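Student: Input: one structure, supplied below.
The values are calculated or read from the model by the stated rules, or taken from the named source; none is laboratory data. Quantities reported herein were computed from a predicted structural model and do not represent experimental measurements. Counting neighbours? That spans all protein chains shown, and the Cβs are built from the backbone with ideal geometry, glycine included. Surface areas here come from the heavy atoms of the whole protein model, side chains and all, with no ligands, DNA or RNA. Shrake-Rupley method; radii C 1.70, N 1.55, O 1.52, S 1.80 Å.
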Amino acid sequence: MKDIIKEPSEIERKSFEIISGILGDRKFDPLEEPIIKRVIHTSADFEYADNLKFSPNAVVNGIKAVQSGCGIVTDTLMGLSGINKRLLAKFNCSVTCYIRDEDVAREAKQRNETRSIVSMEHAVKNPANRIFAIGNAPTALIRLGELIKENAVNPALVIGVPVGFVNVVEAKEFFKTCGCSYIIADGRKGGSNICASIVNAILLEALEYKENA
């Protein structure tokens, strides 16, 4: 077949060109736009242009946390694997998922709770963990919100894009009341791949962002 693009960077460039063309004259906040477009690039779903919600200064807070070399927590190993490790290394950031931690698994079984709930309780004990990226488990988002309300943790940014049908919408709406910076995908949509793409977009923006620029 002729005219097949094979070079990876050119494929990505062309993809974003197509996305921009389809979005047309729509205007977005300059710091939010790269995140929205990267999520669309990941999903081929243009509804994210409308259902991604950003609290005030959410992106700036995330960028500053990255630039300070923060820890990032994911709720799934898939989310962890999708985050760009080369970009993380530029800021001396770490990414951790507690879901397979033996203590988490043991405690979850003893309490008859989800490991996602217990993993958040363990994650907040490390003050270096400043960004929480939740793309699968609504119970993780709910428990994190409760911990924030209990003043057990004060994240710089929470990415709340769990996907599914049970507790998902409720978890997202509850989290909006927790007084924490967030990027949330309204409704049932989301996923670990969406979560990782948001983190990667923030990492890319952190390379160029300067306060008061």
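Conditions tested, residue by residue: (1) hydrophobic (A, V, I, L, M, F, W, C); (2) buried (at least 16 other Cβ atoms within 10 Å of the Cβ).
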| site | (1), (2) |
| --- | --- |
| ALA58 | yes, yes |
| VAL66 | yes, yes |
| ILE72 | yes, yes |
| LEU77 | yes, no |
| THR96 | no, yes |
| VAL104 | yes, yes |
| ALA108 | yes, yes |
| ILE117 | yes, yes |
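Student: Provide a single number: the residues in region 79-112 that are among the charged types (D, E, K, R) and out of contact with any helix residue (DSSP H, G or I) (no Cβ under 8 Å at 6 or more places or on another chain).
Tutor: Total satisfying the criteria: 5.
Student: Of (1) in contact (Cβ under 8 Å) with a residue 12 or more places away in the chain; (2) open to solvent by 60 Å² or more (accessible area, probe 1.4 Å), ARG13 satisfies all except one. Which?
Tutor: Evaluating ARG13 over (1) in contact (Cβ under 8 Å) with a residue 12 or more places away in the chain; (2) open to solvent by 60 Å² or more (accessible area, probe 1.4 Å) leaves (1) as the failure.
Student: Also, quick follow-up: Evaluate the following for ILE142: is it touching a residue at least 40 places away in the same chain (Cβ under 8 Å) and out of contact with any His (no Cβ under 8 Å at 6 or more places or on another chain)?
Tutor: Details: touching a residue at least 40 places away in the same chain (Cβ under 8 Å): no; out of contact with any His (no Cβ under 8 Å at 6 or more places or on another chain): yes.
Spelling it out, it is not the case that ILE142 is touching a residue at least 40 places away in the same chain (Cβ under 8 Å) and out of contact with any His (no Cβ under 8 Å at 6 or more places or on another chain).
Student: Among the residues of region 149-172 satisfying the criterion of being among the β-branched types (Val, Ile, Thr) and in a helix (DSSP H, G or I), which is nearest to GLY191 (Cα to Cα)?
Tutor: Of everything passing the filter in region 149-172, VAL168 is nearest to GLY191 (Cα to Cα).
Student: Being open to solvent by 70 Å² or more (accessible area, probe 1.4 Å) and of a type in the set (Asp, Glu) is the filter here; which residues of region 30-56 pass it?
Tutor: Correct list: GLU47, ASP50.
Student: Kindly evaluate GLU146 against the criterion of being closer than 24 Å to LYS53 by Cβ, surrounded by fewer than 17 Cβ atoms within 10 Å (Cβ to Cβ), out of contact with any Cys (no Cβ under 6 Å at 6 or more places or on another chain) and of a type in the set (D, E, K, R).
Tutor: In short, yes.
Student: Any residue that is farther than 26 Å from VAL66 by Cβ and of a type outside the set (Lys, Arg) - is there at least one of those in region 120-138?
Tutor: Within region 120-138, not a single residue is farther than 26 Å from VAL66 by Cβ and of a type outside the set (Lys, Arg).
Student: Among the residues of region 123-136, write down those that are part of a loop (DSSP other than H, G, I, E, B) and either modelled with pLDDT under 95 or open to solvent by 40 Å² or more (accessible area, probe 1.4 Å) (or both).
Tutor: Once the filter is applied, which keeps residues that are part of a loop (DSSP other than H, G, I, E, B) and either modelled with pLDDT under 95 or open to solvent by 40 Å² or more (accessible area, probe 1.4 Å) (or both), region 123-136 yields LYS125, ASN126, PRO127, ALA128, ASN136.
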